[in-house]
Each structure stands twice: as structure tokens, then as C-alpha cells.
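Below is one structure, written out as C-alpha cells, with a few remarks after it.
Values quoted throughout were computed directly from the atomic coordinates according to the rules given, and no laboratory measurement underlies them. Predicted model, so just to flag it, every value in this text is computed and none were measured. Counting neighbours? That spans all protein chains shown, and the Cβs are built from the backbone with ideal geometry, glycine included.
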Amino acid sequence: MRTVIVYYSKFGNTRRVAEAMAEVMGRAGEVRVVGIEQLTAGDWEGVDLVVVGTPTHAFSVPAAVRFVLRVQPQGILAGKSVAAFDTTVRAWPFRRLRASPKLLRRLRRLGGTPVAEPETFFVAMHGAPAAGGTDLLEEGQIDHARQWAAKLLDPS
Ligand SMILES: Cc1cc2nc3c(=O)[nH]c(=O)nc-3n(C[C@H](O)[C@H](O)[C@H](O)COP(=O)(O)O)c2cc1C
């Protein structure tokens, strides 16, 4: 199994989830973790499973990610398994409006075959952003990431 995990991360949490998943997936095959800013067409080549993870921004997929996915060639993910996750603030209003279902729809539109339901990893806000506060993964979310990664390797 060759996997690429593509992520976008403003504060580092989505990257941490991607890296925890890669630790597990690396035991079962080849895995690469790529920041979406560095993504090139070659990153899709020879890959069986594509996982994309982003934070939820404004109840949806961050604009930077939407842009990158919009310019991918039609059908680029045909024949590949795909999965999507987001990081979301548990206490945010309208929490049901999260990025991963929309992200998965975009991956399917590029030809990918979903192998799992969209997944969410929760972060909590620590302090006011203006005072240097940030969002940090809730306890247990790295374990959750490892478990979800193991499930993606064996979706049956
Ligand atoms: C511009 C902006 C908009 C956001 N909108 C939402 C939102 O609609 N819902 C939500 O749950 N969290 C929202 N958040 C919080 C992010 O989900 C949180 O910062 C993110 O999960 C942290 O991941 P990262 O460390 O990988 O950036 C927003 C954050 C930013 C910076």
C-alpha cells in the first residue's frame, strides 16, 4: 500500500494528526506526508490511497485548499482510494458544519473512491487569539488518529 497524506495546517494541529497517521501507515507500506503548499502533480503518481486533512475554516474547507483542489486535472484520483479528515473546535457554533464531508466530495469529484466516512479530530481554543492564544488538539486525539489510520489500512 502506497499512501500520500496531504494536509493544510495553520497552527500545526492538522499536521500532527497527519504525522501520527503516517507513523502507523508506514508500518504497512510506503507513506509520504505532504503540505498542500508543496503538492506537485507527481505526488499523486503510483499512490493507492490519498488522505487529505484540513482544519475547518468558516464552517468549510479553507480557501487555500479549495483552490489547490480546483486546479487538479480532471480524474486525477481515478482508481485511487480516498479519505478526508478535519480538525474542528468542539465548542464552535454549528459544529456539524465541518470541512471533511465537503473535502471528501471534492476528492470524489476528482475520481477518487472513498474508503471511510469523513473523520473529525477535535481541538480546543486556549486563550484569545489577540493575546497569542492558539488551538490545541484535545487529549486522546493522537490515539484517535492512529486508530483511524489503522482502519484505513484495513477498511473491511
Ligand atoms: C479563519 C479561521 C476560521 C475558523 N473557522 C472555524 C469554524 O468554522 N469551525 C470550527 O470548528 N473551527 C474553526 N476555526 C478553528 C480551526 O478549526 C482550528 O484553528 C484548527 O482546527 C486548528 O488546526 P491547525 O492547527 O491545523 O490550523 C477557524 C480558525 C480560523 C483561523
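Quick one: among THR56, THR87, THR14, which has the greatest mean-square fluctuation in a GNM of the chain with alpha-carbon springs under 10 angstrom?
Looking only at THR56, THR87, THR14, the largest GNM fluctuation is found for THR56.
Which one, ALA28, VAL51, ALA18, projects farthest toward the positive side of the charge dipole computed for region 1-58 from Cβ point charges (K/R +1, D/E -1)?
Value: ALA18.
Taking amide H positions as placed 1.01 Å from N in the peptide plane, with prolines and chain starts having none, which residues 5 or more places from VAL33, or on another chain, fall under 5 Å of its amide H?
Amide H neighbours of VAL33, under 5 Å, 5+ apart: ILE5.
HN-Hα J couplings of region 132-138 from phi, Karplus 6.51/-1.76/1.60, θ = phi - 60°, integer Hz, Gly and Pro as x?
x, x, 8, 9, 10, 4, 5
Does anything in region 46-84 have its amide N under 11 Å from the 7 Å Cα→Cβ label point of THR113, and if so which residues?
Backbone N within reach: 78-82.
Find the relative contact order for region 1-56 and round it to a whole percent, using C-alpha pairs within less than 8 Å whose residues are 6+ positions apart. Display every interim value, and only then the final one.
Working: 86 pairs, mean separation 32.2, N = 56.
For region 1-56, the relative contact order is 58 percent.
Counting only residues 5 or more places away or on other chains, whose amide H sits under 5 Å from the amide H of THR120 once H atoms are built in the peptide plane?
ASP86
Could you tell me the calculated FRET efficiency between SER156 and ARG27, based on Cβ-Cβ distance and R0 = 25 angstrom, to the nearest 0.05? Mind showing how you got there, number by number?
On the way: r = 18 Å, r/R0 = 0.73.
That gives a FRET efficiency of 0.85.
Please state, to two decimals, what the Cα-based radius of gyration of the chain comes to when divided by 2.2 N^0.38 Å (N = residues). The partial results should precede the final answer.
Values: Rg = 14.8 Å, N = 156, 2.2 N^0.38 = 15.0 Å.
Dividing the Cα radius of gyration by 2.2 N^0.38 Å gives 0.99.
Given the -39500 (n - 2.57) contribution per DSSP H run of 4+ residues, what per-residue ellipticity at 222 nm results for the chain, rounded to the nearest 500 deg cm²/dmol? Show your work: numbers first, answer last.
Values: 4 runs with 45 residues, N = 156.
When only DSSP H runs of four or more count, the value is -9000 deg cm²/dmol.
Along the charge dipole of region 92-147, which of GLN141, LEU97, ALA128 sits closest to the positive end, that is, farthest toward it, with unit charges on the beta carbon of Lys, Arg, Asp and Glu (+1, +1, -1, -1)?
The residue sitting most towards the positive pole is LEU97.
Extending each Cα 7 Å along its Cβ direction at ALA78 and HIS126, get the distance between those two points in nm, one decimal.
4.7 nm
Give the relative contact order (percent, whole number) for the chain; include only Cα pairs under 8 Å separated by 6+ residues. Kindly include the intermediate steps, with their values, before the conclusion.
On the way: 306 pairs, mean separation 38.5, N = 156.
Relative contact order, the chain: 25 percent.
Pick out, in residue order, every one of the trypsin sites (Lys or Arg not before Pro) in region 32-119 that is DSSP loop and has at most 15 other C-beta atoms within 10 Å; say none if there are none. It would help to have the intermediate numbers written out before the result.
Working: sites: ARG32, ARG66, ARG70, LYS80, ARG90, ARG95, ARG96, ARG98, LYS102, ARG105, ARG106, ARG108, ARG109; in loops: LYS80, ARG90, ARG95, ARG96, ARG98.
Listed in order of number, the matching sites are ARG90, ARG95, ARG96.
How large is the charge dipole for region 2-153, taken about the Cα centre, if only the Cβ atoms of Lys, Arg (+1) and Asp, Glu (-1) carry charge, to the nearest 20 debye?
Values: 20 positive and 14 negative charges, 117 e Å.
The dipole of region 2-153 has a size of about 560 debye.
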